[in-house]
Amino acid sequence: MFQKDGYAVLTRKAGVKIAIPLELRMDVLGTSLADVIAKCRSTGIVSKYLIHHIRPNVNAPKGGAIKLKTITEKVKVARELADITNDAAPTFHEIRNLSKRPTWNRGPSTRRHS
């Protein structure tokens with residue numbers, strides 16, 4: 001990912017580039033994409049991943065990607081700590097999908113970037 005002309009530009013499969021406006025806000029959280037990126041980079045660790053290890057461990061170096069399985073497990077622990085343990089408790093993937101709605105309902109502008 002890199003930033004250009006007020007957009008976060010990500011390269012996806014087959015080399016397709018997607019540009020997402022940095023000013024895109026999620027009012028429910030009172031934050032913008034630029035705020036989130038700044039917070040992720042505030043670790044002072046140079047990494048190609050926004051969400052990355054800040055300390056090395058046996059399985060990953062400092063700055064390395066955090067595995068999706070790890071995020072899923074941590075969300076499960078957070079749900080348990082919040083006493084959300086019934087069968088209707090949302091999975092990480094459901095939470096991730098639902099988090100798009102407040103933004104998508106506002107009609108974010110994304111464009112292919114050349």
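The values are calculated or read from the model by the stated rules, or taken from the named source; none is laboratory data. Computed from a predicted structure; not experimentally measured. Reconstructed Cβ throughout: ideal geometry from the backbone, glycine too, with neighbour counts over all protein chains shown.
Scan region 55-68 for residues that are assigned to a loop (DSSP other than H, G, I, E, B) and surrounded by 11 or more Cβ atoms within 10 Å (Cβ to Cβ) and the total you get is 8. Would you check if there is a residue in region 70-84 being more than 18 Å from the chain's Cα centre (by Cα) and more than 23 Å from Leu98 (Cα to Cα)? Checked against the condition, which is being more than 18 Å from the chain's Cα centre (by Cα) and more than 23 Å from Leu98 (Cα to Cα), region 70-84 yields no hits at all. Only residues that are exposed (fewer than 11 other Cβ atoms within 10 Å of the Cβ), over 27 Å from Asp5 (Cα atoms), of a type in the set (A, V, I, L, M, F, W, C) and at pLDDT below 85 were counted in region 69-114, giving 2. Among the residues of region 4-48, those that are touching a residue at least 60 places away in the same chain (Cβ under 8 Å) and part of a loop (DSSP other than H, G, I, E, B) comprise Val16, Leu24, Asp27, Val28. Do we find that Gly63 is of a type outside the set (Asp, Glu), touching a strand residue (DSSP E or B) at 6+ places or on another chain (Cβ under 9 Å), without any contact (Cβ under 8 Å) to a residue 40 or more places away in the chain and on the phi > 0 side of the Ramachandran plot in this structure? Here the answer is yes, as Gly63 does meet what is asked. Taken over region 24-43, the criterion of being under 15 Å from the mean Cα position of the chain (by Cα) and either buried (at least 16 other Cβ atoms within 10 Å of the Cβ) or of a type in the set (Asp, Glu) (or both) is satisfied by Leu24, Arg25, Met26, Ser32, Leu33, Ala34, Asp35, Val36.
Give me the residue from region 1-23 that is of a type in the set (A, V, I, L, M, F, W, C) and either under 24 Å from Thr70 (Cα atoms) or assigned by TED's automatic domain parsing to the domain that holds Leu98 (or both) and, out of that set, surrounded by the fewest Cβ atoms within 10 Å (Cβ to Cβ).
Only one residue fits best here, namely Met1.
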